[in-house]
Amino acid sequence: MSTHRRSLTRRRVLGASAIGVAATGAAVAVGTGLLSSASAAAFGYTDDGSNYVVDTGAALVFKVSKSTGDLTSLVYRGKEYEGYGGRHSHVESGLGASTVTVRQSGSTILVKAVHGAITQWYAARRGQSNVYLWTHKADASFTATRYIVRLKPGIFPNEGPDTWIEASDKVIEAGDVWKRADGTTHSKHYSGKRTLDYDHVGFTTGSVGLWLVRSNHEKASGGPFYRSLLRHSNDKGAALYEILHYNQAQTEPERFGLQGPYVLSFTDGGAPSSSLFHGKLDTSWVDGLGITGWIGASGRGKVAGVGLKGMDAKYAYTVGFANKDAQYWAKAAAGSGAFSCKGMLPGTYTMTVHKGELAVYTGTVKVTAGGTTSLHSITITGDPSRARAIWRLGDWDGTPGEFKNAGLMTYAHPSDGRAARWTGNVTIGDASAAASFPAYMWKDVNDGVLVYFKLTREQAAAAHTLRVGVTDAFLNGRPRVTVNDWVSTVLSAPSQPSTRSLTTGSYRGNNHTFTFGVPSSAWQTDPARYNVLKINIVSGSSGSAYLSPGTSFDCLDLLA
């Protein structure tokens, strides 16, 4: 294949729910991915003419194609796990003709595959049932970057929202969303997880587990709340994904450089050892391997914050760091808000404090190699919940979590049989008002939802600001409001991802607040009568049903 930019299919560009749980095995137990003395003497590699064959000395033998750099075999305890549909495991959708080399350095065997802008590495460590992987991408000649581990069908249970049955399920959208006879929907997109939420993803039979432990994603994009496909399974095969850059629902430009290690790990059925997780992994053995772009612990720095002032105890807070070269994040401690982020590349970062998923403070911080940047207490200054409101529907947290169907939408299609009706109006003051308001609104599905509310004579005598917060949009869908007989202007569309998201398990885009100045002449003067707020979706684009212009909501309020 050429190393130049290629015309990629939708599947290649765009592309879940046995997400791993905390590991429980002893640190040196066989099958946890750590040292096993059994068969350690077999450690080494051979050349079978077509592949480099690597024996880890821990019941795992894998092969890497000498011509393409594909991972062509994964034999664990004598059983083959790799491949389906005549295809193997590889970065992107396969590099094609590549320059592939192998060498041993002490207790490490390193295979290197070079194809134009992408270099892929595989490493084995003596006595471990793991394959360590790195991907270096120098430019955008490949428009999307992922590593996909393709697995044979029928080995692992085909269960969860990211699994389907091609023989009987029906495709309902874009070739990758399926509906079952019972009305449930399934797709590789329906992981239900944000990057922040998982360390590993995989499958288990109970006696054998196969897991992909993610990297720190420092060169990925989208931040801690990004949602993407993590795995899939059907009657024709299964797959695990390490998403390095994915265009769908993407909010940031692509970053280039080295990503990894991410780890493919076999176990005795349980979760992989937590010592493989990116925050705990000892990578000192990598320092002398000559991997392009590798920066070890000594070349990295740390940020430590004393705490956050002004937190809302109902929410978790996350502190994110980002620049054009890297991204990181750390969870703030409940109560104090203290946080610590280590292993950061040197540079100046935009630091963002998130309440839930909503940015409520932004600053800058500089990181130096080998140093710790200490920060005094940070006072949160941008929480919109602090504004006095006559009424508020939902809360300002950067998610549609309080609204109807919000939870289901991270692992199902909006047409799923379990979803409540997307239509229906709400009355402010009802205990179920927020839960009755739709998390999403589409021009072709539930346009024109009504919100009823009353004002006192004093309130009706003044103009007020109506705020409508959104988290994402499709086809520039955005709200236009009518209050009784007053109709707002059409506001400009904010920047949002250009691809599907509302139907593929993600409400995460660019949080934006639409502000409408409603004059006093718009209100009902009789305090006993309801004012009627009507919300319509407007857009310069068109579509149908759940692929018509739409948006997802964060919060609505009328300020005092």
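No lab work stands behind these numbers, since they all come straight from the coordinates. None of the values given here were measured: they were computed from a predicted structure. Ideal geometry is used to build each Cβ from the backbone, glycine not excepted, and the neighbour counts take in all protein chains shown.
Return the whole-Å distance between the Cα centroid of the stretch 185-229 and the Cα centroid of the stretch 493-531. Here the answer is 32 Å between Cα centres.
So for Glu159, Glu252, Glu82, Glu242, fewest C-beta neighbours within 10 Å to most, what's the order?
Working: Glu159 11, Glu252 16, Glu82 20, Glu242 25.
So the ranking, lowest neighbour count to highest, is Glu159, Glu252, Glu82, Glu242.
Kindly state, to the nearest 0.05, the FRET efficiency for Ser284 paired with Thr184, given R0 = 35 Å and r defined as their beta-carbon distance. Don't jump to the answer; show the numbers that get you there.
Numbers: r = 47 Å, r/R0 = 1.34.
Computed FRET efficiency for Ser284 and Thr184: 0.15.
Out of Phe43, Val487, Pro153, whose Cα points farthest toward the positive end of the dipole of the chain (charges: +1 Lys, Arg; -1 Asp, Glu; placed on Cβ)? Among Phe43, Val487, Pro153, the one farthest towards the positive end of the dipole of the chain is Phe43. Amide H contacts for Arg300 (H built 1.01 Å from N in the peptide plane; partners 5 or more residues away or on another chain; cut-off under 5 Å): Gly370.
Using Cβ point charges alone (K and R +1, D and E -1), the dipole size of the chain about the Cα centre works out to roughly 500 debye. Amide H contacts of Ile390: Leu558, Leu559, Ala560, each under 5 Å away and 5 or more positions distant or on a separate chain (H built 1.01 Å from N in the peptide plane; Pro and chain starts excluded).
When a/c is below 1.5 the answer is rounded, else prolate if a/b is larger than b/c, else oblate, so apply that to the stretch 384-559 with a ≥ b ≥ c taken from the square roots of the Cα gyration tensor eigenvalues.
Verdict is prolate for the stretch 384-559.
Farthest toward the positive end of the dipole of the chain, out of Gly96, Thr515, Val213, is the Cα of Gly96, where the dipole comes from beta carbon charges about the Cα centre. For Thr410, neighbours were defined as the other residues whose beta-carbon sits under 9 Å from its Cβ, and their charges (Lys and Arg +1, Asp and Glu -1) total +3.
So, counting K/R as plus one and D/E as minus one, what does the shell of residues with Cβ under 13 Å around Leu491 add up to?
Details: positive: Arg467, Arg478, Arg480; negative: none.
Local charge sum for Leu491: +3.
Counting only DSSP H runs of at least 4 residues, each contributing -39500 (n - 2.57), and dividing by the residue count of the chain, the helix-based mean residue ellipticity at 222 nm comes to -500 deg cm²/dmol. A simple spin-label model places the labels of Ser377 and Glu166 5.9 nm from each other, with each point 7 Å out along Cα-to-Cβ. Backbone phi angles across the stretch 456-471, fed through the Karplus curve with coefficients 6.51, -1.76 and 1.60 (θ = phi - 60°), yield HN-Hα couplings of 6, 4, 5, 5, 6, 7, 10, 6, 9, 9, 9, 10, 10, x, 10, 10 Hz in residue order; Gly and Pro are listed as x.
In plain terms, the residue of Asp182, Asp162, Asp176 with the fewest other Cβ atoms within 10 Å comes first and the most crowded comes last, giving Asp182, Asp176, Asp162.
What is the packing order of peptides 397-403, 316-322, taking the mean over residues of other C-beta atoms within 10 Å and listing the highest first? Walk me through the numbers on the way to the answer.
Values: 397-403: 23.1, 316-322: 20.6.
With the highest mean Cβ count within 10 Å placed first, the list reads 397-403, 316-322.
Using C-alpha pairs below 8 Å separated by at least 6 residues, the relative contact order for the stretch 384-559 is 36 percent. Cross-link partners of Lys342 among aspartates and glutamates, defined as those whose alpha carbon lies under 19 angstrom from its own and excluding same-chain residues fewer than eight positions apart: Asp197, Asp199, Glu218, Asp282, Asp287, Asp325.
I want the local charge near Phe277. Using Cβ-Cβ distances under 9 Å, sum +1 for each Lys or Arg and -1 for each Asp or Glu among the other residues.
Numbers: positive: Arg214, Lys280; negative: Asp199.
Net charge in that neighbourhood comes out at +1.
Whose amide H sits under 5 Å from the amide H of Ala332, counting only residues 5 or more places off or on another chain, with H placed in the peptide plane? Under 5 Å from the amide H of Ala332 lie the amide H atoms of Tyr317, Thr318, Val319, each far enough along the sequence or on another chain.
Straight-line reach from Lys309: taking Cα to Cα under 14 Å and skipping same-chain neighbours fewer than 8 places apart, the aspartates and glutamates in range are Asp383. Checked against a 29 Å cut-off, the cross-linked pairs Lys137/Lys443; Lys188/Lys443; Lys219/Lys355; Lys324/Lys443; Lys170/Lys219; Lys188/Lys404 give Cα-Cα distances beyond that limit for Lys137/Lys443; Lys324/Lys443; Lys170/Lys219. Only Cα pairs under 8 Å and 6+ residues apart enter the sum, and on that basis the relative contact order of the stretch 283-381 stands at 35 percent.
Neighbouring Cβ atoms within 10 Å as the yardstick, rank Val487, Val365, Val426 fewest first.
Details: Val487 13, Val365 17, Val426 23.
Fewest-to-most Cβ neighbours within 10 Å comes out as Val487, Val365, Val426.
Gap in Å between the Cα centre of the stretch 371-385 and the Cα centre of the stretch 85-159? A separation of 40 Å, based on Cα centres.
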